[in-house]
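Structure, as structure tokens:
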Amino acid sequence: MKLAIFLPNWIGDVVMATPTLRAVRNQFPTAEIVGIMRPYVADVLAGTGLLDRTLFYHPRGKDPQLRGLSFIKALRNEKFESALLLPNSLRTGWLAWLSGAKRRVGFARDLRTWLLTDRVVPKSKSNPHPVLDEYLRLAERMGCSTFSRQMELAVPASDQAKLEQFWSSQRRRSNDSFPGLLSETSPSTICLNSGGAFGAAKNWPKEYFSELARRLATSLHKTVLIVCGPSERDDARWIADQAQHPLVFSLADAPLSIGLTKAAIRAAELLVTTDSGPRHFAAAFGTPVVTLFGPTHIAWSETHYDRGEHLQLQLECGPCQQRECPLKHHRCMRDMSVDTVFAAVQRQIAQHKPIRNVA
């Protein structure tokens, strides 16, 4: 049996899909499972063994082999027997139909019902519900009989080595001004993740992150690491610089990758993050996490993780699910004080003993 799984485009959604990938893998242990995905999310699943192969697809990418007729030809050459569609898009429905797969399982929405052979009726958009659980409904329709909500990721040895190389370089620099400041190859840290691809409305002000970093270092004597993606380098560098403390570092000048971020969060004592993809890395690795929610409804990305705390202000205007604040005041994040977040960090530290998640 050869099975195609069309994966989501968002990093966090891919992590929330891992319980479904595990259910499919357990149900069809001898099947060849091929993940169809955008190239930039491949590192999320690296090392997990949940897929046998990947087939990259990028409809707006520069590589003509990853889109249009070239991709459709490659898809048909695979001769899939079944296809599981995690995204809801009409495009995904078309591609599954064009692949020639005889069985096509997905949500019956966005005018694609007739493209599917096994249709799952989606829950109402007006009633927020966990995406993770929706994916598991699709696994059930595929015939899977054992389920878990446990998300899972892995850190390949090469990515762990990159993290250790980063700390080695920081140790050399720190010893010039602060001898003996960093004594471990990969020290226990509190990671801060300030960015997110969704839009500016999800962001907690960088001034607040900088103040939080300084307080974690001065009051709790914690090593703080600002993680970031390529588009967030400037903010991460600014946060670390403005904290003005030798125990605050950032990945801004490191060779960035999803694998490096995974390694940093796996090794962390705790993560403080916006509602973005890396928050799910923490749950997959058992790292305690404080998540700062602004315009997005908690229920959509609920993962039932018991080592985390969600912070969200109750405002008449939210959660609005908008990428930019339509009222221009951004109170959902700006009114969330550093004191509030610092208190949540202290609660998490008190409740959960540090776990060194380094293999």
Practice task
Using a 10 angstrom cutoff on alpha carbons, build the Gaussian network for the chain and name the most mobile of R173, R215, R307.
Solution key: R173
Problem - Three semi-axes of the equivalent ellipsoid, region 206-286, Cα gyration tensor, whole Å, largest first - result: 19, 15, 11
Practice task
Could you work out how far helix 157-177 tilts from the main Cα principal axis of the chain, as a 0 to 90 degree angle to the nearest 10?
Solution key: 20
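Longer than 19 Å from Cα to Cα, which of K2/K73; K202/K328; K202/K262; K206/K328 are they? Say none if no pair is.
Going by Cα-Cα distance, K202/K262 fall outside the 19 Å limit.
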Handout entry: Computed helical MRE - 222 nm, the chain, DSSP H runs ≥ 4 contributing -39500 (n - 2.57), nearest 500
Key = -11000 deg cm²/dmol
Problem - Cα long-axis angle, helix 338-351 against the chain (0 to 90 degrees, to the nearest 10) - result: 80
Practice task
Note down the magnitude of the dipole of region 157-351 about its Cα centre, charges +1 on Lys and Arg C-beta and -1 on Asp and Glu C-beta and zero elsewhere, to the nearest 20 debye.
Solution key: 180
Exercise for the section: Please build a GNM for the chain, connecting alpha carbons under 10 Å apart, and tell me which residue among N127, N77, N175 fluctuates the most. Expected result: N127
Problem - Gap separating the Cα centres of region 283-334 and region 33-55, nearest whole Å - result: 28
Practice task
Take C191, C320, C325 and order them by how many other Cβ atoms sit within 10 Å, fewest up front.
Solution key: C320, C325, C191
Fill in the blank from the handout: If every Lys and Arg gets +1 and every Asp and Glu gets -1 at its Cβ, then about the Cα centre the chain yields a dipole, in debye to the nearest 20, of 1000
Completion exercise
Net charge (Lys, Arg +1; Asp, Glu -1) of residues whose beta-carbon lies under 10 Å from that of F281, F281 excluded, is +3
Fill in the blank from the handout: Given 47-57, 276-286, 63-73, 250-260, the highest-first ranking by average Cβ count within 10 Å works out to 276-286, 250-260, 47-57, 63-73
Handout entry: the chain: relative contact order as a whole-number percent, Cα under 8 Å and 6+ apart
Key = 16
Handout entry: Diffusion coefficient, µm² s⁻¹, Stokes-Einstein with Kirkwood Rh over alpha-carbon pairs of the chain at 25 °C and 0.890 mPa s
Key = 114
Problem - Long-range amide H partners of L315 with built H, under 5 Å - result: none
Exercise for the section: Give the Kirkwood hydrodynamic radius (Å, one decimal) of region 112-155, defined as one over the mean of 1/r across all pairs of different Cα atoms. Expected result: 12.5
Practice task
Over region 157-351, consider all pairs of different Cα atoms and compute the Kirkwood hydrodynamic radius from their mean reciprocal separation; express it in Å, one decimal.
Solution key: 16.9
Problem - Summed side-chain charge close to K262 - residues other than K262 whose Cβ falls under 11 Å, Lys, Arg +1, Asp, Glu -1 - result: 0
Completion exercise
Per 5 angstrom bin, beginning at 0 and ending with the bin that holds the maximum distance, the Cα pairs of region 2-142 fall in percents of 2, 10, 21, 24, 23, 14, 5, 1, 0
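The numbers here are math on the coordinates, done by the rules we state, and not lab data. Small disclaimer: the values here were computed from a predicted structure and weren't measured. FYI the Cβ positions are ideal-geometry reconstructions off the backbone, even for glycines, and counts take in every protein chain you see.
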